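The values are calculated or read from the model by the stated rules, or taken from the named source; none is laboratory data. Everything numeric in this text was worked out from a predicted model, so none of it was measured. Counting neighbours? That spans all protein chains shown, and the Cβs are built from the backbone with ideal geometry, glycine included.
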Amino acid sequence: MTEGSVRSVVVIGAGIMGRGIALASARAGYKTAVIEPNPASLQSARAEIEKILDRALEKTEIDEPTARAARERLTYAAGFDAAQGADLAIEAVPESVAIKAKVYGQLAPRIAREGVIATNTSSLSITELAATSDRPARFLGMHFFNPVHRMRLVELVRGIETGDHALAIGEQAARAMGKETVLVRESPGFVTSRINVLIGNEAFTMLESGVASARDIDKALKLGLNHPMGPFELVDLVGLDTRLSILEYLHRMLGDKYRPSPLLIQYVKAGRLGRKVGRGVYEYPS
Ligand SMILES: NC(=O)c1ccc[n+]([C@@H]2O[C@H](COP(=O)([O-])OP(=O)(O)OC[C@H]3O[C@@H](n4cnc5c(N)ncnc54)[C@H](O)[C@@H]3O)[C@@H](O)[C@H]2O)c1
């Protein structure tokens, strides 16, 4: 990588977020490799990327040559050799320090020596994650939002060792993907998760104590507070398990006001994880 430029990106993890980030990266003009060890996830990521491109074509948001160019920039792989020489690695694997650290270990000998690693973590410490990598100064948080192709923000998160160059690369890539950025000094949950999970947790507490139905709580926030989605519609999209792990972390870091609602815990135990499994707070018949 010449100082200050990105040409190739590798996205690790092709779940809810990774697939959207990979498409945004390819549409930004970057050669983009997607690494996903689970064959079913890899296949469904590819199918969903195709579907989003097809829908954008139908709506004439993009033309055929643009869609084709984006497709041609994408490659899909199960193994880490696909990360070879990448200028920017964007990690979107599950919210666990151990899983993420293992990924950084596999990236270290493969991505460009000057390459930057970005994590899409919703809540974990950038400083702690960076310290498990071989390049804490070239490590930052790039917090994308779901669904990536619709949401306009990326929070750029600076850990204690994050250097200006890493932030500049994060800013450059986010802008090329058509996103706005805000700069956040590392703190648990950054700006958005820290506020959003409180709203979502309170909604579960209200549902549990019978204040209103899920539909009416969603309706109240949409029509009364102008939220584009209700808190239950949103948590079904995000994944109840993902939301619970963020709350547990913020509870440990910031105290009792983040204690997860018992009802949310029950939903997760029941396997009601959201849209991804066909049922969460609501049912999604296939
Ligand atoms: N879901 C959201 O709305 C959302 C929003 C912003 C940020 N995030 C964050 O993004 C990250 C990913 O979340 P998600 O919702 O996409 O999770 P997900 O469970 O949908 O996807 C994670 C993917 O990573 C894959 N994976 C697991 N181990 C791997 C490894 N060692 N190498 C490569 N791939 C591996 C899994 O097979 C899975 O496909 C998490 O840190 C989460 O906190 C999630």
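Annotations for the structure displayed:
- When we screen ILE199, ILE217 for residues that are among the β-branched types (Val, Ile, Thr), touching a Pro at 6+ places or on another chain (Cβ under 6 Å), closer than 26 Å to GLY278 by Cα and in a helix (DSSP H, G or I), the only hit is ILE199.
- Flag for PHE232 being assigned to a helix (DSSP H, G or I), in contact (Cβ under 8 Å) with a residue 24 or more places away in the chain, surrounded by 16 or more Cβ atoms within 10 Å (Cβ to Cβ) and of a type in the set (Phe, Trp, Tyr): yes
- So ASP216, is it touching a helix residue (DSSP H, G or I) at 6+ places or on another chain (Cβ under 9 Å) and not aliphatic (A, V, I, L, M): no
- Qualifying residue in region 156-169 (condition: of a type outside the set (A, V, I, L, M), at pLDDT below 95 and under 20 Å from VAL11 (Cα atoms)): no
- All told, GLY271 falls short of being surrounded by 13 or more Cβ atoms within 10 Å (Cβ to Cβ) and in contact with a helix residue (DSSP H, G or I) (Cβ under 9 Å, 6 or more places away or on another chain).
- Those residues of region 1-27 which are farther than 24 Å from GLY163 by Cα, surrounded by fewer than 23 Cβ atoms within 10 Å (Cβ to Cβ) and at pLDDT 95 or above, in sequence order: GLY15
- Qualifying residue in region 239-262 (condition: within 16 Å of the ligand (Cβ to nearest atom) and touching a His at 6+ places or on another chain (Cβ under 7 Å)): yes
- Restricting attention to region 139-152, the residues that are buried (at least 23 other Cβ atoms within 10 Å of the Cβ) and without any contact (Cβ under 8 Å) to a residue 60 or more places away in the chain total 5.
- Check on GLU208, more than 20 Å from the chain's Cα centre (by Cα) and more than 14 Å from the ligand (Cβ to nearest atom): yes
- Within region 142-160, the residues that satisfy the criterion of being closer than 22 Å to PRO188 by Cβ, away from the ligand (no atom under 12 Å from the Cβ) and within 17 Å of the chain's Cα centre (by Cα) are LEU156, ARG158.
- For region 1-60, taking the residues that are within 13 Å of the ligand (Cβ to nearest atom) and part of a loop (DSSP other than H, G, I, E, B), the one that is farthest from GLN106 (Cα to Cα) is identified as GLY15.
- Hey, PHE139 at pLDDT 95 or above, within 17 Å of THR121 (Cα to Cα) and within 14 Å of the ligand (Cβ to nearest atom) or not: no
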